[in-house]
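Student: After the structure tokens below, expect a handful of questions from me.
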Amino acid sequence: GELGHDVNRGPIALAHLDAAAATVPVGKGASPALRLEQLSLTDTRYDSGGKTLAAEAARIGSLQLDTVLENGSASVLDLRTAQRGPKPEKPLLATLKLLQLAEGSVSAADRASGIALVLQRLSAKFGNVSSDAAQTLSFDASADLKSGGHIALNGRAVPALGTLTAKIKASSVALAPIQPLLQRYASVKLDSGTASLAGTLRAGGKEAREEP
């Protein structure tokens with residue numbers, strides 16, 4: 001990459017950075033749960049005095065994630081290390097204007113419900129990515145389901161509040177893979193069948209629902 005340092009102002013600037021691949025292991029001796037390839041970071045600036053790290057754009061050429069959910073939550077997705085010692089007076093603020101995923105795949109299995117889903121040809125764009133969880137994150141993502149069908153989401157989320165509002169569109173989604181979930185509410189067994197929908201999804205807060 002290209003590195004420049006302004007002695008008077010104290011920041012470090014990185015014009016461009018490329019990396020071939022990176023893996024994130026889950027626990028000692030575990031196989032990688034997250035693999036990233038063809039990483040690219042543009043116009044990055046670090047200011048030690050202001051404790052800020054800002055980047056214009058980041059691109060991930062390929063992503064592969066395999067995880068196991070516990071009652072709908074994926075502990076492996078929280079890769080933060082435990083805080084040791086006293087918390088800093090001013091934590092580092094990291095921001096990224098645009099994060100783009102060219103193609104990816106996600107495999108998730110929920111132990112409690114027995115549901116297993118695999119997303120393929122996943123592409124996504126995220127805007128206003130920040131370490132400040134109170135900031136609003138925008139996203140636009142679409143993927144094919146290995147079991148059949150296509151799903152697309154476009155909306156905003158506030159991580160600190162656990163809220164999400166998005167336009168959702170799904171077409172020809174196979175129902176058989178969610179059979180364990182359906183059995184919680186009705187004595188029905190599906191051997192085949194598909195469903196399509198389009199509407200607004202609201203999650204978190206007092207008004208979590210899907211609207212037609």
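The values are calculated or read from the model by the stated rules, or taken from the named source; none is laboratory data. The shown structure was predicted, so the numbers you read here are calculated from the model rather than taken from an experiment. Note that we place each Cβ from the backbone using ideal geometry, even for glycine, and neighbour counts take in every protein chain shown. Just so you know, the surface numbers come from the protein's heavy atoms only, side chains and all, with ligands and any DNA or RNA stripped out. Shrake-Rupley method; radii C 1.70, N 1.55, O 1.52, S 1.80 Å.
Student: Scan segment 83-95 and give yes if some residue there is in a strand (DSSP E or B), at pLDDT 80 or above and either open to solvent by less than 60 Å² (accessible area, probe 1.4 Å) or among the acidic types (Asp, Glu) (or both), otherwise no.
Tutor: yes
Student: Moving to a separate point now. Out of THR67, THR136, report the one residue that is under 28 Å from LEU197 (Cα atoms), open to solvent by less than 70 Å² (accessible area, probe 1.4 Å) and at pLDDT 90 or above.
Tutor: THR136
Student: Within segment 103-116, how many residues are closer than 12 Å to LEU65 by Cβ and open to solvent by 50 Å² or more (accessible area, probe 1.4 Å)?
Tutor: Qualifying residue count for the region: 0.
Student: Oh, and also: Could you check how many residues of segment 100-128 are within 16 Å of ARG156 (Cα to Cα) and either modelled with pLDDT under 95 or not hydrophobic (A, V, I, L, M, F, W, C) (or both)?
Tutor: 4
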